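The values are calculated or read from the model by the stated rules, or taken from the named source; none is laboratory data. The shown structure was predicted, so the numbers you read here are calculated from the model rather than taken from an experiment. Quick reminder, even Gly has a Cβ in these numbers, built from the backbone with ideal geometry, and neighbours come from all protein chains shown.
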Amino acid sequence: MKRYYEVILLLCGLLCLPGCANNNRLSMERSAAEHNEEKSFESVRNVPEGEAFSAASDHFETSTEAAAANEEKGYQLSPPSAEEKEAQADCLHIMELYADTYTKSDKGNTINTVLADDILLTLQRQAAAEGSPVEVNVPYADLENYENMDHFLKESEAGHAGECTMYTIHIDGSLGRSKFFFDGKDMYLAAANAVWNKQNEPVYSHMSYTRIEQWKYTEKGWFGYELCAPKPPEVTEIVDSSCLIRVLPYEEELRQLSGRCVFGIGYGMGNLLDADWDEHHMEKLDFNSLFPLLYQMQQKERFVYGDYRDGVPENEFEQMIMQYLPVDVKTLRNYAVYNAETGTYGCEPMGCFTYTPDFLGTSLPEVTAVRENQDGTVTLTVDAVCDMVICNDAVITSELTVKFMKDGSFQYIKNKVIKDHISIIESGKE
């Protein structure tokens, strides 16, 4: 799920606290804190000798007050003694386990490295060799050595103190270390990161220590938590400090169906998974937004909007849509954006000015059950797993009926939303 979510975050510039998808805010706060601390000590050094003790005392009292305030707020806390030294050693050790594979891997020609899924999964296996839980930013990938985390969370639910360390391999090969502490009442997260330098050497980056404001371990096996974070009026915008981690393994058949039938569609465009429709009622579908998604599923390559500045030729558009949906030409031209004079369908790219990510739009579709029907179709139960703000493993649940062909292709037949928690969540009643 993480990789799916990170792509949307990168496009839209969202910031999260440590332990979630983006640590830019943490780095900025850390730098600012260090700079302010240096200025404070500099001011003590420059005071007249007779006033030095008084100034130092004032600084100590101010620092103590700030620490107490942070403790109450739950963020920018001081980690347990020796924790950062241990985290640094752990990160560098784990990265050494997969250093050879990382060094030899194809990193592409772009500024930001994005490793292929198969490489990331190899790195995960190598990092997990010594028994620690390791996740990787590949959609639907299992958490290696999940038993440790599962045990820790169940013990925490029972009120028993304990701790558990897990690692996250990011899409660029860098490493996150998340150590969770539960004292019988509150849970804390010590989040550390390490990166690769230009010489392909692991370099420790930083650590944060934060209290977890609320957390839950769902029946489906998702661990969701929200870190304590600045709130208005301290900040002008809501800080998304939530995170969602699949702990329990994903059934292989469901994983395959998720990747094949729903991952490429998602919830950001096209509304195929979050609207009620069938072959007799297709007016709710956004066919124009669906076209690029279906194109990428079929062609297995990125859709280039620039190739269709003047619209998509009607033959190409209609053949693609009718391959995947039970719709005829007349219905398509009636419900889609169609220009009869030019014989083209509209096709607008998703961007900052045309799309704003929301709870549903950033969710990952996950097939959770399969039912075979007497007419030869298959109905998939699909949950929208949301990692944004609300941390919910089923903000919408739908039943998507699909017909699989002997040649390996398939067609979407209908969809019905059976549970919708969005309105309840947005109203604040959940």
(message) Can you confirm whether residue 140 is in contact with a helix residue (DSSP H, G or I) (Cβ under 9 Å, 6 or more places away or on another chain) and over 14 Å from residue 97 (Cα atoms)?
(response) yes
Residue 98 fails exactly one of (1) of a type outside the set (Lys, Arg); (2) over 21 Å from residue 201 (Cβ atoms); (3) at pLDDT 90 or above, namely (2)
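Here is a yes/no grid of residues against (1) modelled with pLDDT of 95 or more; (2) under 40 Å from the mean Cα position of the chain (by Cα); (3) within 30 Å of residue 186 (Cβ to Cβ); (4) surrounded by 13 or more Cβ atoms within 10 Å (Cβ to Cβ):
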position: 47; (1), (2), (3), (4): no, no, no, yes
position: 58; (1), (2), (3), (4): no, no, no, yes
position: 81; (1), (2), (3), (4): no, yes, yes, no
position: 86; (1), (2), (3), (4): yes, yes, yes, yes
Given (1) assigned to a loop (DSSP other than H, G, I, E, B); (2) under 21 Å from the mean Cα position of the chain (by Cα), residue 107 misses just (2)
Residues in the stretch 173-182 that are assigned to a strand (DSSP E or B) and either within 15 Å of residue 132 (Cβ to Cβ) or within 22 Å of the chain's Cα centre (by Cα) (or both) total 6
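Every residue, every condition in (1) hydrophobic (A, V, I, L, M, F, W, C); (2) in contact (Cβ under 8 Å) with a residue 40 or more places away in the chain; (3) buried (at least 21 other Cβ atoms within 10 Å of the Cβ); (4) part of a helix (DSSP H, G or I), yes or no:
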| position | (1), (2), (3), (4) |
| --- | --- |
| 184 | no, no, no, no |
| 189 | yes, yes, yes, no |
| 208 | no, yes, yes, no |
| 214 | no, no, no, no |
| 219 | no, no, no, no |
| 233 | no, no, no, no |
| 256 | no, no, no, yes |
| 265 | yes, yes, yes, no |
Within the stretch 308-335, residues among the charged types (D, E, K, R) and either assigned to a helix (DSSP H, G or I) or at pLDDT 95 or above (or both) come out as 314, 316, 318, 328, 330, 333
(message) Checking the structure you have, find out if any residue of the stretch 234-252 is at pLDDT 95 or above, over 20 Å from the mean Cα position of the chain (by Cα) and aromatic (Phe, Trp, Tyr).
(response) no
